[in-house]
Amino acid sequence: MNYGKAMFLTMAGWLGAMTVLPAWPQSAPDKTDRSASNAATAENAAAVSSSTRALRLARTEDKNYTENRLGMSLLKSVLRDQRDFWASPAKLRLSDADWLIPAGGLAAGLFVTDRDVSLHLSHNPRTMSRYNTISNAGVGALIGGAGGLWLLGHARHDEHWSETGFLAGEAALNSLLMVEGLKYSLRRERPLQGDGSGSFFQSGDSFPSEHAAAAWAVAGVIAHEYPGPLTKILAYGLASAVSYSRVHGRQHFSSDVFVGGMMGNLIAQQIYTRHHDPDLGGAEWRSIGQFFRGEGSSSAGNQGSPYVPLDSWVYPIFDRLIALGSITTGMLGQRPWTRLECARLLDEDSDILEAPVVESPEANRLLGALREEFTADLRLLGGGENRGLRLESIYTRFTGISGKPLNDPYHFGQTLFNDYGRPYEEGVNSASGFSGWATEGRWVVYARGEYQHAPSGPAYSDAIRNFIAQADANPVQPASPISTRSQFRLLDAYVGLTLNNWQLSYGQQSLWWGPGKMGPLLLGNDAAPVRMIQLNRTTPIRLPWLFRYMGPVHMDAFFGNLQGHQFPPNPVIHGEKISFKPTPNLEFGFSRTVILGGVGRPLNPASFWNSYVSATSSASETPSNDPGKRSGGFDFSYRVPFLRNWLTVYTDSIATDDPSPLANPPRAGFNPGIYMPQFPGLRKLDLRVEAAYTDVPSGEANGGHFIYFDGFYHDLYTNKRQLLGSWVGRDGKGVQAWSRYWVDARTSIELGYRHGEVSGKFVPGGGNVNDGSIRAEFWLHRVWNVTASLQFERWRFPILAAGPQTNVTSSVGVTFYPVGGRP
């Protein structure tokens, strides 16, 4: 199996190389590729026209060019094409890693899951026969349609029809020749052969799929000869149906049809580009390699950029600027932002930066500090080479806690929260680390790692462990003292690829889906970063047609796995969010997360599909189709028009099982808040007040068995035993307030207060926590950031201690920023 995986990855790179073959002839695109790369997005139309002229000129000069005719002309063309296709790996370029690595990664992921996916498909002979009939009919329709176009084109003297049918047939023929050569070399067993694992070098002919190759080859030619939306939907829809049916008919694995379809489409692109006559109509078909190199990294939308960490000093400044109206398109409900997005927000309102200080002295000071931090990123907005290596920060923080802290957010509460799930106990705790990134064109690699230390702690008593077992519907766990932790951990660490303002990234990542500071009810940084694949629209997009009235739109989606779960182990999570900003004053968004899979709940195509579309209770689904535990979210923020520079109101919310909190508010948890960025006569002082509850008024909380809990997923909304959502936890409520005095953009003093309660219906005797804090932040020489805080906490949980308990938490942190905002 390991050898087969290695062979597959090697083959994926080999097959993918076909897309970097020059369009026609070998020398022509080389002359246009680099010029297109330097032209940027605004010059795409001119580049296309230049490419078409170069194609026509190259045809007249190429001695090997053959007409689209049957007989010796076709034979020569096929032989020449086959020679170039099989030799294509020699033409790989370093820039092809931009698309080849993601494609290979996707194919490898399919390969690893091939057996599990196939085993969970229907074994009913009638069902499989029906899918096989569909796949055969689909291929027959595509090839028959192409043949019909060729015949009718000759009968009606329609050269465009004739060319379409001829090139589609030639593409199908070339793809089948290549596929057959690979199939009988690799000899992979089909899903119904052997033990169903799809072993290579046996007696099979499964990899790759000839049906998928032929279908995508023909569909690609037809879709580009007649590039209307209806034609593309019909052609590619039929090809997709063929691929889908080959898997569900258990004739091929998912990776077979993916690679087969990829081969067919890439071969069709080359055939079409070499032999298509632009005078007959049709659209230009640029290869993936040409597309990446043609737009390159010259435009900001195609440059890799790291996300700004959620605990960065820049976000409070952006919050204040948005509330003051100086930043108009920043999305409060979806973070983190990339550095280039931060630069775009500053560039969008650059006129404010140039305005006289007397008009908005406070906003100018804040904007000036941000502009200094993002100087290099502002330069990249205009295009240019995106290649660099930067040490972002080196930091250390010491936190002393005198007295017993709370550190069980799933049952009682937290003394320290929104802190990436860092461990802490009574005594001296520390975290020392670094962060940095590297960029190369569309690629970005980011890493943040730190050494963490926390003292040991006592085990829970028998009474507490019995309560936890009952509250979580789990067996009583053994008494396990918390040992001293001295460990190195990666926090946010990922690799990302950017294409047209979409960034695809993989690694450990943190998300903040909410407009407030208390902590989002769905996703925040209270827990350790989740290992995920994320697709994020880095810059808001404006949708066409009537949707343009929705204003800028921001979208985010991820798929990841959760760690530290025991009941059951190994669940996965996916989430999606879309936010709208129809006016500069109003922003609202809808979000959704689903936890599914894990031991006892197979993750298969049916359950995955149901997790998106099912609106029924999971209890009504069979275990193999279980859609998982679904949670919906809604948030909005609104700058009050007649007080728009003084007051913003906002809320965050969560619904369990309901598609949205708006569908049934009495069953939802809410987190409303207000923010005043300044006061009359005290323009350097702000105030923020928030409240939250998860003990819903409908009474369905049922002893902590509602929000953040599920009858099957008993560790529901946690990662490494820390809550992904708000510190108010299960069946809780709380209020929090902060007031910050901004001495200048980089120096401030903040006072805070927090009160939280846990219902007695959940924890015997209930419980509450109160704390007050003061935090100061200042900078030395623009490169040293120093923070100091002091917090006094008083908590009472009868099940934990007989009387009220107090602790004092003091913290000092120093961060060195080598660049310090300088160019």
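Structural remarks
- In region 410-439, the residue that is nearest to Asp311 (Cα to Cα) out of those that are hydrophobic (A, V, I, L, M, F, W, C) and open to solvent by 10 Å² or more (accessible area, probe 1.4 Å) is Phe417.
- Test result for Ser505, closer than 28 Å to Asn386 by Cβ, out of contact with any Lys or Arg (no Cβ under 8 Å at 6 or more places or on another chain), of a type in the set (Gly, Ala, Ser) and modelled with pLDDT of 95 or more: no
- Residue count, region 768-784 (criterion: open to solvent by less than 30 Å² (accessible area, probe 1.4 Å) and in contact with an Asp or Glu (Cβ under 7 Å, 6 or more places away or on another chain)): 2
- Take the conditions (1) open to solvent by less than 40 Å² (accessible area, probe 1.4 Å); (2) part of a loop (DSSP other than H, G, I, E, B); Pro697 misses just one of them, which is (1).
Per-residue answers, yes or no, for (1) open to solvent by 10 Å² or more (accessible area, probe 1.4 Å); (2) in contact with a strand residue (DSSP E or B) (Cβ under 7 Å, 6 or more places away or on another chain); (3) at pLDDT 90 or above:
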| position | (1), (2), (3) |
| --- | --- |
| Gln534 | no, yes, yes |
| Pro540 | yes, yes, yes |
| Trp545 | yes, no, no |
| Gly560 | no, yes, yes |
| Lys577 | no, yes, yes |
| Asn585 | yes, yes, yes |
| Ile595 | no, yes, yes |
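- Check on Trp727, in contact (Cβ under 8 Å) with a residue 40 or more places away in the chain, closer than 30 Å to Trp646 by Cα, open to solvent by 20 Å² or more (accessible area, probe 1.4 Å) and among the aromatic types (Phe, Trp, Tyr): no
- Residue in region 115-125 that is at pLDDT 85 or above and assigned to a helix (DSSP H, G or I) present: yes
- Candidates Gly752, Gly772, Gly756 - the one that is in contact (Cβ under 8 Å) with a residue 40 or more places away in the chain and either in a strand (DSSP E or B) or within 27 Å of Trp437 (Cα to Cα) (or both): Gly756
- Any chance Ser254 is crowded, with 24+ Cβ neighbours inside 10 Å, polar (S, T, N, Q) and modelled with pLDDT of 85 or more: no
- The condition of being free of Cβ contacts under 8 Å to residues at least 60 places away in the same chain and assigned to a helix (DSSP H, G or I) holds for only one of Leu266, Leu176, Leu192, Leu238, that being Leu176.
- Any hit, region 441-450, residues being open to solvent by 20 Å² or more (accessible area, probe 1.4 Å), assigned to a strand (DSSP E or B), at negative phi and in contact with a helix residue (DSSP H, G or I) (Cβ under 8 Å, 6 or more places away or on another chain): yes
- When the criteria are applied in full, Leu491 fails the requirement of being under 17 Å from the mean Cα position of the chain (by Cα), among the hydrophobic types (A, V, I, L, M, F, W, C), on the phi < 0 side of the Ramachandran plot and open to solvent by 30 Å² or more (accessible area, probe 1.4 Å).
- Sole residue being within 30 Å of Leu340 (Cβ to Cβ) and among the small types (Gly, Ala, Ser), chosen from Ala528, Ala469: Ala528
The values are calculated or read from the model by the stated rules, or taken from the named source; none is laboratory data. Not measured: the values here are computed from a predicted model. Cβ sites come from the backbone with ideal geometry, for glycine too, and all protein chains shown count toward neighbours. Accessible surface areas use protein heavy atoms only, side chains included; no ligands, DNA or RNA. Shrake-Rupley method; radii C 1.70, N 1.55, O 1.52, S 1.80 Å.
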